[in-house]
Structure formats: structure tokens, C-alpha cells
Amino acid sequence: MSNSDVDVVVVGAGFAGMYLLHELRKMGFSTRLLEAGDDVGGTWYWNRYPGARCDIATTDYQYTWDPELYTQWTWSEKHAAQPEILRYAQFVAKKHDLYSGIEFNVRADDATWDEKAKKWNIGTSKGETIVCRHYVMATGCLSVPKDPDIVGTERFAGNVYVTGRWPHEGVDFTGKRVAVIGTGSSGIQSIPIIAEQAKEVVIFQRTPNFSMPAHNGPPPQYRVDRLKADREAYVQEARLSGTGVPLEMATVSALSVSQETAFEMLEESRQKGELLAIGNTFMDSGINRQANEVVAEFMRTKVRSVVKDPEVAELLSPYKHGYGTKRPCMDTGYFETFNQPHVRLVDLGVNPIETITETGINFGNESLEFDAIVYATGFDAMTGAIVGVDIKGKNGMTLKKKWEFGPLTYLGLTSVGFPNLFMITGPGSPSVLSNMMVSIEQHVEWIRDTLVAMREQGFDTIEPTPLAENGWRVHCTDCADITIFQDANSWYMGANVPGKPRVMLPYIGGVGRYRMACDEVVRRGYLGFELTGVGKTQCNDGLIRQVQPDVDMVLEMMGTLNLPAIESMTPTGAREFSEASSAARPPGPEVGEMLDATLAGAAGDLAYRLYRPATAGPHPVMVYFHGGGWVFGSHLSDDPLCRELCVQSNTLIISVNYRHAPEARFPAAAQDGFAALKWVHENASSLGGLPGKLAVGGWSAGGNVAAVVAQMARDNDGPALSGQLLLCPVTDGSRQHQSHLDNADGYILTRSLMEWFWNHYADTDDRNNPHASPLLAHDLSGLPPAMVVTCQFDPLRDEGDAYAQALSAAGVAVNHVQARGHIHTSITMVDMLPSGAPYRRQMAEGIRTFFAHG
Ligand code: NAP
């Protein structure tokens, strides 16, 4: 008789449940593991369709937690077939005596949280109720086949097969007329084998998919060698990688090489026969549509080179989704299959299925008879198995109801209102965008360690806070927003199931970064969780990832470079360093014309660059001042941003140099700025500007110059300005604002660098002068409308915010934008950080608004 009150109930005996059982036992937790099938293996137990294989190489798709397995088990192939993977699962289960802890042919039907007892009651298909402290769903991401959603499916009197529920005894299609519906991974793997046997095969395709040859064979030697040389290092690299497979990160943009070179590079990747190789050829195919199109077209050329009938080749070529935005497939002879005379492709876009009949399928104007229909129509992915159990949390709220508009989780592991419920590879975790083995092991270990920590510290419950859960949702969305994944109607987006909310289900920020977030949560005392025990509560509420994901990647990359602090350099050294850093950046968009010249400054000529839109002029004019802490930079140093503002706002931008400190200290920059403004005003018409449509703008120290110049113009009877655009401006030399402490270090512009800038620029007394610290001006009324953009993780954030507020209080029209998750430099990084693009668009819109009136 099994214990009906245990520490942990686990549902699912796939690779996740098996490992978890092993770990929980090891740690002395009493456990019940329920499995609906009659053996271990999970996905590899159910998916027995012909040709079913794993697309991740066996060197990587295997447990790492038992090092003995590396010698005790030898994989026969690079991409193991389903029977071999199932045998591996069985081997592990036997070796570790897991069978004795698993109850087969039992489903969890419902789960109800008992708030008084602080326990879950799990109702099983055997009519039993199991009481447990913790409840873990190890139910897999692709385990519930979706309803094919086709009229008449129940009518067909022939044989019906679903790839995800294939008969254990196998199917012989010899001499049969077979319809296959669906061309995802399951369809693409099974079709060539079905076609080998069947008399006739008709494939009903709604969406063509990208597929590459698996080049199956022995396990990849270079991976085998690396594993043998240093298994720990290899495994660690996988754990910290983007996808759970050691891969050298791409550093080349698909747009930076000719198509010929791009195709050569892609061919090299394709020859590797590794799922992730093609998508990893270029650094930008997942985030830039144009870059992705290079890859997509390469893949289409491959289809054309194999499929003899050009019309069929065209039908098999994906055009409506980017490469990788739907899970790419690996095949063995898939496209070749369509050259066989008994194989036919039906494009459901042109000839939709009208109904399935007793004997076949009616579609378009045709009616075909079949002996068998194979549904390779996919899964209710990621959430289907979880909400398939009637889970009632606190106050009777069901998880299904809570997730009505999309799953809400903290770390993809837990959900508010459902204490002590854990999901392995749940929505909001890398899961299906990773090597599942790596993600499974990470979750199992995180849950194990959490339960042990709770036991040691006397806590009975753990539940995420609403703040943390919402923060994770925002972070997941931020990650998805910088990619092009959301363009596709994929199952990643829930788009394959009618009525399912359309949200990016997996976490797309990468396996390594995700793992670091989970570890950090623990290190910071279970940040974002509330833990309770008898007479005690612990809650370190907060957010785990707030910096925009692409900004975070840049910071991480810069961290690895061990760059010297700028403030440790001489001004000359800092200038050289800054110029060298700018040299490698993307140039920004093409403008109509760029012109370099000089104008009269306060004490000699100043260089400037004019950016003219391609549209017919004359244009409104913005005089722009560059950043660089008054010490470095030039009229060219913010080139990509100036180009982008020019193009997007249809404004003539004149980026002006000004004298730099320490050679020319305060007020040289301000005086040069004002002189430049007057010169541009006087020469506006000859430059192609619209008289009377003049604004100033600048970033950082340039934002300071712009704000000061706007005040000088007001106080010196002009020129009249239509607006001032201040991006992360320096406004207050006192640097007493909280953001100087909050963001003192780690976000490129540091507190000490800011101190260095000020020391070079202005004496302590001068810093109180409004021409150095515009926030200190006694009167801010009468200034032109302002757009002030501040960044959350910028030491200058609060002084920028304060200036926006002070301007507003003085009656100035202010458009104040606070860029969430950004740092001092990130918005200027055109074509490098997609998360900055919306703010640049807003700035351009802000400039247009300056000029829209009067
Ligand atoms: P899938 O990728 O969702 O493919 C389902 C196919 O059925 C799609 O072509 C879909 O068209 C089509 N379809 C669905 N409903 C339809 C309808 N009512 N009428 C006509 N066509 C319909 O499912 P899957 O192939 O089972 O693969 C799911 C995932 O499982 C894979 O992406 C992969 O992650 C995993 N998997 C992995 C392996 C492996 O590692 N080797 C093998 C199999 C599966 P639309 O695209 O238009 O929706």
C-alpha cells in the first residue's frame, strides 16, 4: 500500500520525472511519481511514429548527472532514434531502481491546495487522493496532441494514426493509400518512411517548413573528443550556452557579407547536420528580418536543388515565416520524397480540407479515398499538459482560469496563488528553445535544492510574489520583443491551437542567462518568493532582471573584455579609446546627404557635420551636441544616432563640435554651443533649413550643452527655438541624486567617471553656475518645449528626471520619457540594441512635434 501523505507528488516519468525521483529519494523526501503510460520515457514513450529521432546529437541529449552513464551507455548514432532513447531511459531507470518508485497507468486528474494544512490534495485516475506538501508537474512541453481541428475527423472508417500516440506494435503501410496531415518535425520525419512502404501518399500541407538534412551517422567526433578530453568543461559550457549545446557564438552579421559569402557560410553550417548550426551562422538572423531573409533564401535554394518539379519546390519553400521562428526540422530524404511518382503534395492554402469522410478526404474540388490517415498535427504545447489537470490553488482559483490570457509564472517554475507547485520546463523557461536535457536537469536541481533549503530552514510553503511574477513576464516579453519570433504563427506563440492566447511561451533569453537568473534568485535569499513556516515568514520581494536583455548582453560582453576604466586614462588616452570603440559600430541608416564643414565658434572655427534627409527640402533644423563628458567625442562621434534622427524625423541635423576640457574648461563648451546655434540660425536658409524651425538636442554632456544653450537663447533674445531634445542630460554638478548611488557602477557610465568628467570640466564653484548645471537656474519659464529622455540604470537618471519636472513646473511643455531597463549609452547604439529602437522612434516623433506647431 502506497503512502497517501508524502512530501512530494511528481507527475510524469519522462527524463524530468525520473531524475527528480532520483534526487528526491537521495535527499530523503517521501515521494509518489504518477505516470499515465506503462513505462518510463515520456515523449520517447509516446512518439513512436516511423522515423522519430532526436534532433539534438546524442553527445548532448543525455543525462549528465550520472557520469558513469557516459561509459556504461554507448550511443549508436548521432541522432538517436526513438527506440534507442527509450532503451536509454529504461536502462537508467533500472540502474537507479527508479521503477520501484513509479506508479504506471495512473493519471493526476486534479490537484487542490489546502490552505489550512498547507498541502496539496492530488486526485488520481484510480480514485485515490494523495496528500503532499509539494506538487511537481514533470509533464513535458509537447505531450498533449492538439485536436486536429478538421471537420469530419470522427467519420473516417479507415485507420487513424496520431504521430504523438503511435501504436506500440508499429504500423505497416505496405500497399496502402495514406494521407498525412501536417508538415512539422513529426510529419517531416515520418513522411519519407511512410512513402517507402505505401502505395500512394498524399501530404496535406498548410505551412511549408524549413528543414535540413540530418546527415545522421556516428556521434559527431569533435564533440565526442571534447567530451572525452574534459567532460566537466563541456557540460559546463552547455549549461551556460544560449541553447544548452556548446556552440561558438556567431559574430558576423548576415548583412555585412555578400550573398555569395553568406551562402558559403550557410552551406558549411548545413553540412554539419546539427540543428542549431544554420541559425547560429550569423549573429542577427533571429533579430533582424533582412538578415533572416538571407538564411531563408539559402534554405529555399536547397529545396529547389532537390525537388525536380519547380511548382512543388515552390510549394515546399517557406515564405511566410522567418527561418527559426517556427522550429526548423531535420530530415532524411524529406524533399527527395516528393520526386517519387506515388507521392503528392496538396497545398491547403489553395485547396483547404472541406471535410474528412468515411472513406477519405474532400478538399478543393477533389475527393480522395484513403486506407489510413496520419495526423502529424502537433501539440497543445507547453501549457496543455499543465492545465489538463484541474489545479485549484489559493481561494479556489484554477490555474486554467489564471492563465486564460496566457501563462503567468515566475521563472517558468512557479506561479502566484499556487504555493509549492513547481513546473519542470514550464512556460517562461527556456524549455523548448533549448536542449531539453540541460533545461530539465537545471530545473530538477533547482527544485531539489529549494526543497532541501526549505526543510533546513523550517519553511512549509514557497510562493512567488505578484511583483516578481509580473517582472518576469515583463522580462520574458522584453526578450521576445527584440527577436522576430513573434512574427510567426508558431506553436511557440500558442498560435497552432484555435483560441489559445497568442504569447511567446518559452523564455528566449538563453539557457545560460536563465540559469544565472535562477541561481541569483536563490543567492539573494529567494528573491521574489514568500516562504512561510510555523510562526515565520520570509519575503525578499523584488525583481530579478530589469536591464533590457540586449543591453545586458552588451554589459556582459564588455565585462569579459576587462577594459580599463576611462578615468584611469589621460584625456588623450580616453579620446583615442573612445574613437577606437566607435570604429566597429554599425553606421546607422543612409541619409540623403552628409556634408562636413566648419562654422564660427566662440573662439575659432568649429567643425560640424550636416545630415540632410533624402526628402525634398527645405527642412526644419536641429543643432545637435555630442556626448563624451565635455572631454572626448566630436561632431562625428554620435554619427549613427544623428543619421537615424535625421531619417526618422525628416529633419536636417547639424552635429557641431565644441571645445573640450581640460584644455578648454567651463564655459567653453556652452559658449561654443551658443555661438554655433546663432551661426546656424543665421545661415539656416543657405543650409537648406526652414527659417524659424530650429531646435537643439544632445546626449549626455551634449544634452547639458543643449539645455544650457536653450537657456542662453532665452536670455539673449534668441534665436527662438521650437524645442530641445535632451537625452540623458547632465543637469546638476552637485551629483547628489540617488541614481548616482543606485547606478554607481556596472552600467558603463559610472559615478567615478562622472566625477572625472566634472573635474576636467568645471571648478566646484562653477558647477553651481546654471550654464554648467541648468537645473540650478532660478527660472526655467519661457524655455522651448522639451523632450527629456532618461534611462533607468543611468547615474544621471534622477538629475534628468528632476530637470524634466522642474521645466514642467515652470510651465514648459515637457515630453518626459523614462526608458525602462536602459543605461546611459544604450539608446545611442543604433542597429546594435533593438530595445533602444522604440525610444529612438519616440525621439524622432518628439522632434517632429517640436516643428509641427507655429
Ligand atoms: P508541429 O510542428 O506543430 O506541426 C504540426 C503540423 O500540422 C504543421 O504543419 C501544422 O500546420 C499542421 N496542422 C495542424 N493543424 C492542422 C490542420 N487543422 N490542418 C492542416 N494542417 C494542420 O507539430 P510536430 O511536427 O508534432 O512537432 C512539434 C514539435 O515537437 C517540434 O517542433 C519539435 O519541437 C518537437 N519534435 C521534435 C522532434 C525531434 O527532435 N526530432 C520530432 C518531432 C517533434 P501549421 O504550421 O500551419 O500550423
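Ranked highest first by average number of other Cβ atoms within 10 Å, how do 842-848, 336-342 line up?
Peptide ranking by packing, descending: 842-848, 336-342.
In bins 5 Å wide, starting from 0, what share of all Cα pairs of the range 52-97 does each bin hold, as a percent?
In whole percents, the pair-distance histogram is 5, 22, 35, 25, 11, 2.
Could you tell me which of THR153, LEU421, ALA468 has its Cα farthest along the dipole of the chain towards the positive end, charges placed at Cβ (Lys, Arg +1; Asp, Glu -1), taken about the Cα centre?
THR153
Based on the mean of other beta carbon atoms within 10 Å per residue, what is the order of 407-420, 261-274, most packed first?
The packing order, highest mean first, is 407-420, 261-274.
Once R0 is set to 56 Å, what does the formula 1/(1 + (r/R0)^6) return for the Cβ-Cβ distance between SER2 and ASP230, expressed as a FRET efficiency to the nearest 0.05?
0.85
So, in nm, how far is label GLN736 from label GLU196 when the simple model puts each one 7 Å beyond its Cα toward the Cβ?
8.0 nm
Whenever you get a sec, compute what percent of the accessible area on the range 797-854 sits on carbon and sulfur atoms (1.4 Å probe).
Within the range 797-854, the accessible surface is 49 percent carbon and sulfur.
How large is the Kirkwood hydrodynamic radius of the range 586-646, in angstrom, based on all distinct alpha carbon pairs?
One over the average 1/r among Cα pairs gives 12.7 Å for the range 586-646.
Across all directions of projection, what mean area in square nanometres is found for the Cα convex hull of the range 187-326?
10.3 nm²
Put a dot 7 Å past each Cα toward the Cβ at LEU467 and MET27; how far apart are the dots in nm?
Roughly 2.6 nm, to one decimal.
So, for the range 507-566, what is the accessible surface per residue at a probe of 1.4 Å, expressed in square angstrom?
Ligands and nucleic acids excluded, the result is 46 Å² per residue.
Can you list, bin by bin at 10 Å, the percent of alpha carbon pairs in the range 512-664, starting at 0?
9, 25, 23, 19, 13, 8, 3, 1
Expressed as a whole percentage, what fraction of the accessible surface of the range 107-219 belongs to carbon and sulfur atoms when a 1.4 Å probe is rolled over the protein heavy atoms?
Of the solvent-accessible surface of the range 107-219, carbon and sulfur hold 48 percent.
Give me the mean projected area, in nm² to one decimal, of the convex hull enclosing the Cα positions of the range 321-406.
Orientation-averaged projected area of the Cα hull: 9.8 nm².
With every protein chain left in place, what is the accessible area per residue of the range 435-475 in square angstrom, probe 1.4 Å?
With the other protein chains kept in place, the range 435-475 gives 31 Å² per residue.
If amide H atoms are built 1.01 Å from N in the plane of the peptide, which residues on other chains or at least 5 residues away come under 5 Å of the amide H of LEU725?
VAL696, GLY697, GLY698, MET787
Debye sum, Cα scatterers, the range 784-854, no solvent: what log₁₀ I/I(0) at q = 0.12, 0.13, 0.21 1/Å?
With one equal scatterer per Cα and no solvent, log10 I(q)/I(0) is -0.33, -0.39, -0.91.
May I ask you to compute the full-extension gain from LEU255 to MET516, defined as 0.36 nm times their residue separation minus their alpha-carbon distance, rounded to one decimal in nm?
Between LEU255 and MET516, full extension yields an extra 90.8 nm.
Could you go through the range 339-353 in sequence order and give the Karplus-derived ³J(HN,Hα) for each residue, using 6.51 cos²θ - 1.76 cosθ + 1.60 with θ = phi - 60°, rounded to whole Hz, and x for Gly and Pro?
Going residue by residue, I get 8, 7, x, 8, 10, 10, 10, 10, 8, 5, x, 9, 10, x, 5 Hz, with x marking Gly and Pro.
Sum -39500 (n - 2.57) across every DSSP H segment of at least 4 residues in the chain, then divide by the residue count to get the 222 nm mean residue ellipticity, nearest 500.
After summing the helix terms and dividing by the residues of the chain, the value is -10000 deg cm²/dmol.
Where the only charges are on Cβ atoms (+1 Lys, Arg; -1 Asp, Glu), what is the dipole of the chain about its Cα centre, to the nearest 20 debye?
Here the chain has a charge dipole of around 1020 debye.
Could you compute the FRET efficiency for GLU267 and THR570, with r as their C-beta to C-beta distance and R0 at 51 Å, rounded to 0.05?
For R0 = 51 Å, the calculated efficiency reads 0.55.
Residues with amide H under 5 Å of GLY592's amide H, sequence separation 5 or more or different chain, H placed in the peptide plane at 1.01 Å from N; which?
The answer is ARG612, ALA614.
Calculate, in whole percent, how much of the Cα-Cα pair population of the range 754-799 lies beyond 15 Å.
60 percent
Anything in the chain that counts as a DSSP H helix reaching 24 Å or more along its axis (C-alpha) with Kyte-Doolittle mean of at least -1.0? List them, would you?
Answer set is 289-306, 436-457, 668-687.
At q = 0.10, 0.11, 0.22 Å⁻¹, what is the base-10 log of I(q)/I(0) for the range 466-602 according to the Debye formula with one equal point scatterer per Cα and no solvent? Please give it to two decimals.
One equal scatterer on each Cα of the range 466-602 leads to -0.63, -0.72, -1.30.
Residue-wise, which Karplus ³J(HN,Hα) couplings in Hz belong to the range 131-138, taking 6.51 cos²θ - 1.76 cosθ + 1.60, θ = phi - 60°, and x for glycine or proline?
Whole-Hz 3J(HN,Hα) from phi for the range 131-138: 9, 8, 6, 10, 10, 10, 8, 10.
Rounded, prolate or oblate: which fits the range 723-854 when a ≥ b ≥ c are the square roots of the eigenvalues of the alpha-carbon gyration tensor, with rounded for a/c under 1.5 and prolate only if a/b beats b/c?
Since a/c reaches 1.5 but b/c is at least a/b, the shape of the range 723-854 is classed as oblate.
Using the heavy atoms of the protein chains alone and a 1.4 angstrom probe, what is the accessible area of the range 31-127 per residue in square angstrom?
I get 39 Å² per residue for the range 31-127.
Quick one: Debye curve from the alpha-carbon atoms of the chain only, equal weights, vacuum; give me log10 I(q)/I(0) at q = 0.04, 0.09, 0.10 Å⁻¹ to two decimals.
For the chain at q = 0.04, 0.09, 0.10 Å⁻¹, log10 I(q)/I(0) is -0.22, -0.97, -1.10.
Tell me, what ³J(HN,Hα) does each residue in the range 201-217 have, in order and in whole Hz, if you take phi through Karplus 6.51 cos²θ - 1.76 cosθ + 1.60 with θ = phi - 60° and put x for Gly and Pro?
Once θ is set to phi - 60°, the couplings for the range 201-217 become 10, 10, 9, 9, 10, 8, 9, x, 10, 6, 9, 10, x, 6, 6, 5, x Hz.
Assigning unit charges at the beta carbon (Lys, Arg +1; Asp, Glu -1) and nothing else, what dipole magnitude in debye, to the nearest 20, does the range 722-854 show about its Cα centre?
I would put it at about 500 debye.
With a Förster radius of 51 Å, plug the Cβ-Cβ distance of LEU563 and GLN72 into 1/(1 + (r/R0)^6) and report the FRET value to the nearest 0.05.
For LEU563 and GLN72, the calculated efficiency is 0.65.
For TYR99 and ASP779 in one chain, what is 0.36 nm times their gap in residues minus the Cα-Cα distance, to one decimal in nm?
Answer, rounded to one decimal: 236.9 nm.
Averaged across orientations, what area in nm² does the convex hull of the alpha carbons in the range 68-174 project?
12.0 nm²
Using the per-residue mean of other Cβ atoms lying within 10 Å as a proxy for protection, in what order, highest first, do the peptides 317-324, 640-647 fall?
640-647, 317-324
Which one of HIS737, MET493, GLN724 is farthest out on the positive end of the charge dipole of the chain, using unit charges on Cβ (Lys, Arg +1; Asp, Glu -1) and the Cα centre as origin?
Final value for the positive-end residue is MET493.
With the full set of protein chains in place, find how many percent of the accessible area of the range 241-296 is carbon and sulfur; take the probe as 1.4 Å.
Carbon-and-sulfur percentage of accessible area, whole number: 52.
If you put +1 on each Lys and Arg Cβ and -1 on each Asp and Glu Cβ, how big is the dipole of the range 570-706 around its Cα centre, in Debye rounded to 20?
Around 240 debye, computed over the range 570-706.
The values are calculated or read from the model by the stated rules, or taken from the named source; none is laboratory data. What you see is a predicted model, and the numbers here were worked out from it, not measured in a lab. Glycine also receives a Cβ, built like all others from the backbone with ideal geometry; neighbour counts cover every protein chain displayed. Ligands, DNA and RNA are stripped out before the accessible areas are found, and what is left, the full protein with its side chains, is counted by its heavy atoms. Shrake-Rupley method; radii C 1.70, N 1.55, O 1.52, S 1.80 Å.
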